[in-house]
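Every number here is computed from the coordinates shown, using simple stated rules; none is lab data. Keep in mind that this is a model prediction, so the values were computed, not measured. Backbone-built Cβ (ideal geometry, glycine too); neighbour counts: all protein chains shown.
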Amino acid sequence: MNGEDQEFWDRVCQDLIEESQRAISPLIGSPEGGEIVKMGADGTPTTHIDLVAEKKVMDVLNEVDRPLTLISEEIGEVNIGEGPPEAILVVDPLDGTSNAVKQIPAYGISVAVAPIPPGSNGSLTIEDIQMGVVKNYATDDIYKAFKGKGAFLNGEKVSPSAKQDLSSISMGAYVYRMDMSKIEVLCKSVRRMRILGAVAIEISYVANGTYEAFVDVRDNLRVVDVAAAKLIVEESGGVVTDSQGNTLNGKLNVLEKTSLIAACNTEIHDEIMKIWEGI
């Protein structure tokens, strides 16, 4: 992504985030926001607040003067604008929906941008993401990364924790409908566990040392949810793999699923892998 394209898509993301946040703000902490209105393209329930967020995303992108493809968990995949799309935007319009409805301060938006090379058939993977932005609406913190240029929190360059002792770290996890006996050993090996229910935000926490690690080993994590945060952690200097230790390379579509281990460094990542492989 050249400088002109980076500046262009950065402005698009900024508009997207500001307008979406403004649109959902009346529904934060509101029972109305949590009403289920339909099933999303990914097969999960869509609430009223999700629908409002995604509609605003569509409204903003329809005004963009470059053709693009939007991938979102509620609407699926849609081409916007005339002509061959120049980029794929992978958007989770509201990360942490339940938190937003209950006014728990961990909810926001995730936007990832993958430019489509000329002549490409548009079938890209998560490795093609060149820009990622995650904002926690409750705190106004913005995590951002550009491939090859580092990761930033509120405009300041960040790096992950330097801790190498697993017993001293803070780790986040997503464990919904998981066999807890399998993750119990891992939980007991760290100093602190956190479960906030906002995957993109929690993965991004690894980039600046808020967490030393985040795990979701259910093999049911949507690539849509992690597309931006993966780049943010990697550009900060952290490590992101699946539960087998492989690089994430899932296709950019709403149905693609994965597992994930994000860690501040290879030492912590390898310790987590040893425990997980031994369970």
query = For the chain, what relative contact order do you get, as a whole percent, if you take Cα pairs closer than 8 Å and at least 6 residues apart?
reply = 16 percent
task = Find how much the distance from S168 to N2 grows on full extension, using 0.36 nm per residue of separation minus their present alpha carbon separation; answer in nm with one decimal.
result = 55.7 nm
ask   = To the nearest 0.05, how large is the calculated FRET efficiency for M178 and V78 if R₀ is 25 Å and r is the Cβ-Cβ distance?
value = 0.20
ask   = Build a GNM of the chain with springs between Cα atoms under 10 Å: which of N121, N249, N62 gets the top mean-square fluctuation?
value = N121
remark   = For segment 1-143, averaging the sequence separation of alpha carbon pairs under 8 Å that lie six or more residues apart and dividing by its residue count, the contact order in percent is 19 percent
key: Euclidean distance of C-alpha centroids, segment 152-223 and segment 68-130, integer Å   = 23 Å
message = Per q in 0.09, 0.11, 0.12, 0.18 Å⁻¹, report the Debye log10 I(q)/I(0) for segment 166-278, using one uniform scatterer on each alpha carbon and no solvent.
response = -0.19, -0.29, -0.34, -0.81
inquiry  = Along the Cα→Cβ direction, 7 angstrom out, place labels at E19 and N62. What is the inter-label distance in nm?
reply    = 0.9 nm
query = Among the aspartates and glutamates, which have Cα under 17 Å from the Cα of K147 when same-chain residues fewer than 8 positions away are ignored?
reply = E4, D5, E7, D10, E127, D128, E156, E234, E235
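If you add up the charges near L248, with Lys and Arg at +1 and Asp and Glu at -1, over every other residue whose beta carbon is less than 9 angstrom from its beta carbon, what do you get? Could the numbers behind the result be given before it?
Working: positive: K230; negative: E127, D242.
Local net charge: -1.
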message = Compute and list, largest first, the equivalent-ellipsoid semi-axes of the chain from the alpha carbon gyration tensor, each √(5λ) rounded to a whole angstrom.
response = 29, 22, 17
query = When the Cα atoms of segment 1-57 are enclosed in a convex hull and the volume is divided per residue, what value in Å³ results?
reply = 87 Å³
message = In whole Å, what are the extents of segment 3-157 along the principal axes defined by its C-alpha atoms, from largest to smallest?
response = 47, 36, 26
note = If every Lys and Arg gets +1 and every Asp and Glu gets -1 at its Cβ, then about the Cα centre the chain yields a dipole, in debye to the nearest 20, of 800 debye
inquiry  = Classify segment 230-279 from the C-alpha gyration tensor, please: rounded if a/c falls under 1.5, else prolate or oblate depending on whether a/b exceeds b/c.
reply    = oblate
query = If each of M193 and Q103 carries a label point 7 Å out from its Cα toward its Cβ, how far apart are those two points in nm?
reply = 2.9 nm
ask   = Among A213, C13, I71, which residue has its Cα positioned farthest towards the positive end of the charge dipole of the chain, with +1 placed on the Cβ of Lys and Arg, -1 on the Cβ of Asp and Glu, and the dipole taken about the Cα centre?
value = A213
note = Which of K230/K257; K188/K257; K230/K251; K144/K230 exceed 21 Å between C-alpha atoms? The answer is K188/K257
task = Grab the DSSP H runs of the chain that are 4 residues or longer, score each as -39,500 (n - 2.57), total them, divide by all residues and round the 222 nm result to the nearest 500 deg cm²/dmol.
result = -9500 deg cm²/dmol
